[in-house]
Amino acid sequence: MSSFIGKKEYFPGIGPISYEGPQSDNPLAFKFYNPSEKIGKKTMADHLRFAVAYWHSFNANGTDPFGAATIQYPWDGEKNPLAQAEMKADGAFEFITKLGTPFYCFHDVDAAPDAESVAEYEKNLQTVVAGLKARQAATGVKLLWNTANMFSHPRYMNGAATNPDFRVLARAAAQVKVGLDVATELGAQNYVFWGGREGYTMLMNTNMKREQEHLAKFLTLARDYGRSIGFKGTFLIEPKPMEPSKHQYDFDSATVIGFLRYFGLDKDFKLNIEANHATLSGHEFAHDLQVAADAGLLGSIDANRGDDRNGWDTDQFPTDVYQTTQAMLVLLGAGGFATGGLNFDAKRRRNSTDPADLFYAHIGGMDSFALGLRAAQKIIDRGLLKTYRDDRYASFDTGKGKDFEDGKINLKGLYDLAKSEGASIPATSGKQELLENLVNQVLFG
Ligand code: XLS
Ligand code: NI
Ligand code: NI
């Protein structure tokens with residue numbers, strides 16, 4: 001991948017980020033992410049498939065409910081919206097190629113100016129997309145996924161596909177239709193649906209059953225349209241339990257899997273699991289990954305983390321290597337990504353106002369996942385899980401236990417067996433602390 005500089009350099013003084021190893025004092029270098037290093041059968045880069053998120057990295061300006069913007073971008077001053085979008089695209093590709101991630105992701109309105117009329121909206125987006133396509137071709141950077149923002153505009157205050165007003169649903173469908181055209185044009189590997197306001201705030205004014213049926217129908221139409229125009233990527237649903245809705249329909253992995261199967265969408269749709277959404281729903285990040293993996297529906301990951309002290313979607317950059325190790329154990333166990341990747345759906349803190357902070361944030365996130373990948377592969381290679389996890393279930397591998405798994409024994413048969421055994425069953429340790437210690441040994445040994 002060649003590093004890209006547009007009409008103007010937006011991150012002057014910062015060159016391509018390279019791997020310098022753990023002893024380096026250079027804050028603008030990778031300490032652990034060494035893209036060409038082989039881990040198991042693949043390179044780190046091929047395992048991790050990192051993506052930069054347009055909205056957090058080139059739009060988010062540090063506003064919170066209590067305060068104004070703190071972060072400025074060089075394109076802020078440009079008053080012509082399309083010219084501004086072009087500058088931003090240059091800045092984005094400069095950043096992405098200097099950082100060296102193979103992928104990026106965007107919402108329609110992150111990249112192009114929004115508009116009330118569908119015609120103008122579409123024209124704006126297609127104009128910007130032509131430029132993005134040229135930049136992709138020039139740099140080799142690929143689109144991991146795009147999506148439609150169907151939650152910021154006031155028309156979506158009661159939802160998009162689940163809005164009680166059919167006209168709003170149709171307007172949302174127009175955005176998705178254009179979004180799928182764009183995904184196909186740019187060769188996106190996936191197309192994402194995050195149900196921003198697909199949920200409700202009050203049951204007394206909500207017909208939940210009808211709204212969910214509308215959502216399923218909407219997604220079915222999107223799938224059919226996408227396939228009809230030759231979109232070959234994976235459709236992804238991104239679960240989240242709340243925020244901004246009080247209660248969102250795509251609550252967590254388990255809920256979404258049940259929904260997809262019930263409505264017959266599980267052949268085309270998989271899940272995009274976000275760490276901070278999993279924790280918001282009361283699960284570990286690794287738990288939601290494992291639930292999706294067990295269903296064969298682990299598609300992609302939005303990499304970030306929450307804060308242990310509160311329950312919000314704080315979207316911090318991942319730094320916790322225990323978490324990334326657990327996540328990579330699940331991912332490697334599931335055979336790795338097919339069309340998915342690790343998208344940094346993460347933002348700098350409001351007071352990280354230097355352009356270099358954007359680099360530090362991503363470098364830290366990439367290093368944290370590189371460490372997690374290395375540790376997970378070591379744990380797998382040493383057979384530690386095989387010994388301690390698989391052996392716990394050995395009683396089902398032969399004899400009556402196997403008969404049970406094979407459906408060859410009924411309840412009365414189990415009763416007779418238990419009765420004839422007579423003696424008390426010896427305790428078998430789960431060895432939790434031993435396994436916790438093994439993780440530390442692999443990480444720091
Ligand atoms: C918000 C979501 C959003 C999706 C894309 O919480 O994470 O950023 O990833 O719409
Ligand atoms: Ni996300
Ligand atoms: Ni999120």
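The one condition from (1) part of a helix (DSSP H, G or I); (2) in contact (Cβ under 8 Å) with a residue 24 or more places away in the chain that G430 does not meet is (1). Restricting attention to segment 127-146 and to residues that are among the β-branched types (V, I, T) and within 23 Å of the chain's Cα centre (by Cα), the residue that is nearest to L180 (Cα to Cα) turns out to be V129. Scanning segment 16-38 for residues that are in contact with a Ser or Thr (Cβ under 8 Å, 6 or more places away or on another chain), open to solvent by less than 40 Å² (accessible area, probe 1.4 Å) and within 27 Å of W75 (Cα to Cα) turns up just one, A29. Being exposed (fewer than 15 other Cβ atoms within 10 Å of the Cβ), among the acidic types (D, E) and modelled with pLDDT of 95 or more holds for only one residue in D90, D76, and it is D76.
Only residues that are under 29 Å from L385 (Cβ atoms) and of a type in the set (D, E, K, R) were counted across segment 396-434, and they come to 9. Return the residues of segment 260-283 that are part of a helix (DSSP H, G or I), in contact with a strand residue (DSSP E or B) (Cβ under 9 Å, 6 or more places away or on another chain) and away from ligand 1 (no atom under 16 Å from the Cβ); say none if nothing qualifies. Passing the criteria: only L260. Of the residues making up segment 320-344, those that are open to solvent by 30 Å² or more (accessible area, probe 1.4 Å), over 16 Å from F269 (Cα atoms) and touching a strand residue (DSSP E or B) at 6+ places or on another chain (Cβ under 7 Å) are D320, Q323, A334. Remark: pairs (first residue in segment 400-416, open to solvent by less than 70 Å² (accessible area, probe 1.4 Å); second residue outside any helix (DSSP H, G or I); Cβ separation under 9 Å; 6+ apart in sequence or on different chains) = D403/I409. Can you find, within segment 223-244, the residue that is surrounded by the most Cβ atoms within 10 Å (Cβ to Cβ) among those that are free of Cβ contacts under 8 Å to residues at least 60 places away in the same chain and hydroxyl-bearing (S, T, Y)? In this case the residue turns out to be Y225.
Each row is one residue, and each column tells you yes or no for (1) among the basic types (K, R); (2) assigned to a helix (DSSP H, G or I); (3) farther than 19 Å from D345 by Cβ.
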{"site": "A161", "(1), (2), (3)": "no, no, yes"}
{"site": "L169", "(1), (2), (3)": "no, yes, yes"}
{"site": "A174", "(1), (2), (3)": "no, yes, yes"}
{"site": "G196", "(1), (2), (3)": "no, no, no"}
{"site": "M204", "(1), (2), (3)": "no, yes, yes"}
{"site": "L221", "(1), (2), (3)": "no, yes, yes"}
{"site": "G226", "(1), (2), (3)": "no, yes, yes"}
{"site": "G258", "(1), (2), (3)": "no, yes, yes"}
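Determine whether segment 295-304 contains at least one residue that is within 23 Å of T63 (Cβ to Cβ) and not aliphatic (A, V, I, L, M). Yes, that holds for at least one residue. Checking each residue of segment 391-399 against the condition of being in contact with a Leu (Cβ under 9 Å, 6 or more places away or on another chain) and in a helix (DSSP H, G or I) gives no match.
The values are calculated or read from the model by the stated rules, or taken from the named source; none is laboratory data. For clarity, every value in this text was computed on a predicted model and none was experimentally measured. Here Cβ is always computed from backbone atoms with ideal geometry, including for glycine, and neighbour counts include all displayed protein chains. Surface accessibility is based on the protein's heavy atoms, side chains included, excluding ligands, DNA and RNA. Shrake-Rupley method; radii C 1.70, N 1.55, O 1.52, S 1.80 Å.
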